[in-house]
Structures are given as structure tokens and as C-alpha cells.
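Throughout, read-outs are computed from the coordinates displayed, never taken from laboratory work. The structure displayed is predicted, hence computed values, not measured ones. Backbone-built Cβ (ideal geometry, glycine too); neighbour counts: all protein chains shown.
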Amino acid sequence: MQTIDLAETTLRELNSTLQAQRESTNQTAWTIENPRGGHAVAVGLDAPIEVIVKGSTGYYCAGMNKQATVRVEGSAGPGVAENMMSGSVVIDGDASQYAGATGRGGLLVIKGNAASRCGISMKGIDIVVHGNIGHMSAFMAQAGNLVVLGDAGDALGDSLYEARLFVRGKVKSLGADCIEKEMRPEHLEILRDLLQRAGADAKPEEFKRYGSARQLYNFHIDNAY
């Protein structure tokens, strides 16, 4: 286990060290101490390493992650796991706005609540939130799965494309072109797998599925102003 203390090491040095790891590295386990709410902690990783952050982080923690497993033993600021490609990111606490934005792959798990625009423009990432999510979540979501064990705020799934949204709690309102859809056996299997991987204590049958009505795919004269 390699330990880096951000009270003694600069953020640039930390990220350069982690980004230098490759497939053949023997240094597969890292601990980051004293993050002190710092921004851009553990970004741009591209190796099958495990990174544990001992505390809360600021903006864009674990952004652009590939292959690595990152765990934050605290909360995360805006844009956690932004543009994530693969691997996994786990936040033990809460996440601020636009968690998982534009993510293309991998798994983001938020053990607490997520603020507004969770999963905005997601493009293949899987996101599991154990608590609630804020307004405009999954706005323009294109692909992937967003799972919410709690409640969802206003305008869920506004202008989304083919992403699948699963919510166990209440949805305050649905966004433009987002509707409730049938939960078929294949969706239950997808959900069961995601809940298991995220360590979530819930049954797939407790959720409702939401998706695109596909009415925004084509031009309608009544929508022109």
C-alpha cells in the first residue's frame, strides 16, 4: 500500500504519480491522506489500481477515470467521475451537482445523496445513488443506467435519449419527453446486477422505470415558435 499525504505532496505530484501507473505496475494499492476538499484529486487514471481517498474532495474528483477503482471516504464536490470511461468510483458520502456528467462507461456509486443534474448527458455510464437525487438529473442522457433508491427531484430525464432510469422512491416531476415505461424481465436483470454490484439493499421489483417517449426525435410544427 502506497500512501501519499496531500499535506506534504502537491496535487500535481499526486496526479502525475498515479497517472504514471501502467498495466504492469506492482504498486496497485494507493491511499491519499488529507485531501482537504481539494479539486481534481485522482483524475485521468488509466491503470487497474485501487485508490482510497481518506476524506472529502472538491470539484472533479476521479474525472476521466479508466480502469481504476477510486473510493472516497467522505463526500465529493461537483463533477465527480466526470467523463468516466471505465472502472469504478464509490463515494461513501454525498455528491454535489452533475455527478457522473458525460460518463461513457464504468460504475459510479454514491452511498448518500446526489445534487442536481446527476448523470447529465451520460453516455454509457452506470450510476447507482443510494439516497435522493436533485432536479434536472439525467438531462439529455444518451445511454447507460441511472438507479436511484430514494426520490428524484423536478424534471427527471428532461430531453433524454436512450438511457434507462430506475427510481424506487417518488419522482417530483418528469422532464420533457420522459415517461414511465414497462419494467420487462430484461430490465429487472439489469437492475438486479447493478444493485448487487453497488452493494444496495433493495429489490428490483420495488423500482419504476422511466425512459424517452421519443417524441423529440422528429420535428413537429406545433413545437416551432
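Taking amide H atoms as placed 1.01 Å from N in the peptide plane, the amide H of V148 lies under 5 Å from those of V129, F166, V167, R168, each 5 or more residues away in sequence or on another chain.
For region 152-160, putting each phi into the Karplus relation 6.51 cos²θ - 1.76 cosθ + 1.60 with θ = phi - 60° gives couplings of 10, x, 5, 6, 4, x, 4, 6, 6 Hz, in residue order, rounded to whole numbers and with x for Gly and Pro.
Run through region 109-192 and list the GluC sites (Glu not before Pro) located in a DSSP loop whose Cβ has at most 12 other Cβ atoms within 10 Å.
Sparse-neighbourhood loop GluC sites (Glu not before Pro): E162, E182.
The rule of thumb for compact globular proteins, 2.2 N^0.38 Å, goes into the C-alpha radius of gyration of region 2-216 1.00 times. A simple rule links phi to the HN-Hα coupling: the Karplus curve 6.51 cos²θ - 1.76 cosθ + 1.60 with θ = phi - 60°, which for region 68-77 gives 6, 10, 10, 10, 9, 8, x, 10, 10, x Hz, with x for Gly and Pro. What net charge do the residues around Y210 carry, taking every other residue with its C-beta under 10 Å from that of Y210, with Lys and Arg at +1 and Asp and Glu at -1? So the surrounding residues net to +3. Of the residues V109, A68, A81, the one whose Cα sits farthest towards the positive end of the charge dipole of region 54-115 is A68 (charges of +1 on Lys and Arg Cβ, -1 on Asp and Glu Cβ, taken about the Cα centre).
The stretch between S173 and N15, if pulled fully straight at 0.36 nm per residue, gains 52.9 nm over its current Cα-Cα span. Computed 3J(HN,Hα) for region 132-146, one whole-Hz value per residue from the Karplus formula 6.51 cos²θ - 1.76 cosθ + 1.60 where θ = phi - 60°, is 9, 10, x, 6, 6, 6, 6, 4, 6, 5, 9, 7, x, 10, 10, glycine and proline marked x. Dipole magnitude for the chain: computed about the Cα centre from +1 point charges on Lys and Arg Cβ and -1 point charges on Asp and Glu Cβ, it is near 200 debye.
Could you work out the relative contact order of the chain, using alpha carbon pairs under 8 angstrom and six or more residues apart, expressed as a whole percent? Each step should come with its number before you reach the end.
Values: 728 pairs, mean separation 21.9, N = 225.
About 10 percent, as a whole number.
For region 1-96, trypsin sites (Lys or Arg not before Pro) are listed when DSSP marks them as loop and at most 10 other Cβ atoms sit within 10 Å of their Cβ; the list is R22.
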